[in-house]
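Here is the structure we will look at, set down as structure tokens.
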Amino acid sequence: MRVYVPLTLPGLAEAHRTGQLGDGPLTAYAVTPALREWYRSDDIEELEYAALSRAALASLRLLAADPGAPRRRVVVAVDVADGAASADPGRGLDPAAPGEVRLAGAVRLAKAAAVHADAADAETDVAAAARALDAADKGDDDARFVVDGAEDHELLWFATQEIPQLIG
């Protein structure tokens, strides 16, 4: 199963240093029944893109909580055993939860298939989105527009061998 783990650049640097993503449990995003229902598509590529997008929003939330981190969203795509990721059935109807899964323990970075990250030219929009996120969550339409501005930037694909250049 492919899961998408939201991080920041300092989080990616830590994963590179230790060889693992977090200590567990980890929140990640994947193609789940709730995501399929929310997104309403049978195309697996579209569904995986939706899961990646959910992880990118979670990365933005991490950035909002860490003002010292560079303003670039980071998502690591990792292949795990099917039973390693579990969805919380109690959050199935939560509009913030489609695609959210929990990984019980740390995941070796060696299992990563790729890293997705913003280009440097997205930093201004991502910084503004991180500042506006709380207001957007409270229903402010202008703030939602600012958050959507960050979502307009496509995350770039990087091979895991490129991690040192990303964090350097």
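Structural remarks
- Test: residue in the stretch 47-54 that is modelled with pLDDT under 95 and in contact with a Pro (Cβ under 7 Å, 6 or more places away or on another chain): yes
- When residue 99 is tested against the conditions (1) more than 13 Å from the chain's Cα centre (by Cα); (2) at positive phi, the lone failure is (1).
- Among the residues of this structure, residue 6 counts as one that is under 28 Å from residue 168 (Cα atoms), crowded, with 17+ Cβ neighbours inside 10 Å and either at pLDDT 90 or above or not β-branched (Val, Ile, Thr) (or both).
- Qualifying strands (runs of 3 or more DSSP E) (wholly inside the stretch 96-168; at least 3 residues being touching a Cys at 6+ places or on another chain (Cβ under 9 Å), open to solvent by 50 Å² or more (accessible area, probe 1.4 Å) and in contact (Cβ under 8 Å) with a residue 12 or more places away in the chain): none
- Total residues in the stretch 34-90, condition open to solvent by 10 Å² or more (accessible area, probe 1.4 Å), touching a Leu at 6+ places or on another chain (Cβ under 8 Å) and of a type in the set (Val, Ile, Thr): 1
The values are calculated or read from the model by the stated rules, or taken from the named source; none is laboratory data. Just so it is clear, the model here is predicted, and its values are computed rather than measured. FYI the Cβ positions are ideal-geometry reconstructions off the backbone, even for glycines, and counts take in every protein chain you see. Side chains included, ligands, DNA and RNA excluded: accessible areas come from the protein's heavy atoms. Shrake-Rupley method; radii C 1.70, N 1.55, O 1.52, S 1.80 Å.
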